[in-house]
Amino acid sequence: MLLEISIKNFAIIEEISLNFEKGMTVLTGETGAGKSIIIDAMNMMLGSRATTDVIRHGAPKAEIEGLFTVESNRHLTALFEEQGLEWTDELIIRREILQNGRSVSRINGQMVNLSVLKAVGQHLVDIHGQHDQEELMRPQLHIAMLDEFGDAAFFQTKDAYRQTFEDYKRLRKQVVELQRNQQENKARIEMLEFQIAEIEAAALEVDEDLRLEQERQRLLNHKMIADTLTNAYTMLDAEEFSSLSNVRSAMNDLESIEEYDPSYKELSSQLSETFYALEDITKRLEDVVDGLE
């Protein structure tokens, strides 16, 4: 029950405080006296949309505060527990609308967001306007209306059903997820099997990638390699004063003095080995160069 409402700097109201007793209270007055403004203020106190237009001209903010007594209400106590609000039989609800377009809402001095304020307000006040009785014709509201006549056992059963249904939806979601994962895994297995078959059909060898890369480099640098080999062969034996002919001459010279001084025999032997090694390399280079042509 609403015991008191205080309104300050709201529309044309500078400040007003109204107290209510048990039973019916009627606000009367001429058109434009401000009856609807009080209802608008009550609506905003309980979470309806607010704009800066409702702030009285020259005031920094509009303030609406209401004092309620609350009978035992399982939905409301559950909401308070969920939001961490302290439950009392008397509730003070306050809302301020600021010039910057924001609003500040409090329940028993504790700041709350607008959605919580609206949820609490729905359990405190029912505001009926013209033609609101037509809501009774909406079929989607009939079940909720009927449920309100249930006893404690009914609500326990309803809560148990709701929890079971939530569990069902959660498990159904998990089943759908598992089925999707199974399909994705099946598709991945098929792809991997296809790739394995391609690899096996290619009959790849160990280090074949390295060999292929070397072959690629050889082909890319074919001309440079051919020119270099030809130049090496030319320097060794293709010219009149090639390296091989010079080594041959030096070898013959050393062999000619061996009979006069045997100490040069070892040196002559080493040079001979070098000559024959160079001769073998030259022959192999010649074969390679001929093959390039």
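Laboratory data are not the source of any read-out in this text; all were calculated from the coordinates shown. If you're wondering where the values come from, they're calculated on a predicted model, not measured in any experiment. Cβ coordinates were reconstructed from backbone atoms using ideal geometry, including for glycine residues, and neighbour counts include every protein chain displayed.
Structure summary
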read-out	value
Cα centroid separation, the stretch 177-208 to the stretch 215-254 (Å)	52
Computed over the chain: relative contact order in percent, which uses C-alpha pairs under 8 Å that are six or more apart	11
Volume per residue that the Cα convex hull of the stretch 152-250 spans, once the total is divided by residue count, Å³	201
Binned Cα-Cα distances of the stretch 204-287, short to long, each 10 Å bin given as a whole percent	17, 29, 23, 17, 10, 4, 0
Between the stretch 260-289 and the stretch 143-176, the alpha-carbon center distance in angstrom	102
Normalised per residue, the volume of the convex hull around the Cα set of the chain (Å³)	458
The stretch 162-293: relative contact order in percent, alpha carbon pairs under 8 Å with at least 6 residues between	20
Cα-based Rg of the stretch 2-127 normalised by 2.2 N^0.38 Å, two decimals	1.06
Lys, Arg +1 and Asp, Glu -1 on Cβ, resulting dipole of the stretch 2-127 about Cα centre, debye, nearest 20	400
Calculated FRET efficiency for the pair GLU208/LEU136, C-beta based, R₀ 51 Å, to 0.05	0.05
Residue order, fewest to most beta carbons within 10 Å, for PHE149, PHE80, PHE10	PHE149, PHE80, PHE10
The chain: DSSP helices with Cα axial extent of at least 27 Å and average Kyte-Doolittle hydropathy no lower than -1.0	152-202, 265-292
Cβ-based net charge around GLU4, under 11 Å, with every Lys or Arg adding one and every Asp or Glu removing one	-3
Sites matching chymotrypsin sites (Phe, Trp or Tyr not before Pro) across the stretch 208-293 that sit in DSSP coil, with at most 12 neighbouring C-beta atoms within 10 Å	PHE241, TYR260
Alpha-carbon centroids, the stretch 1-50 and the stretch 72-91: separation in whole Å	25
Per-residue Cβ neighbour rank within 10 angstrom, fewest leading, LEU219, LEU67	LEU219, LEU67
Residues THR77, THR164, sorted so that the one with the fewest Cβ neighbours within 10 Å comes first	THR164, THR77
Total formal charge among the other residues, if their Cβ is under 15 angstrom from that of GLY109, Lys/Arg +1 and Asp/Glu -1	-2
Highest to lowest packing among 189-196, 40-47, scored as the average C-beta count within 10 Å	40-47, 189-196
The stretch 91-187: GluC sites (Glu not before Pro) in DSSP coil with no more than 11 other Cβ atoms inside 10 Å	GLU148
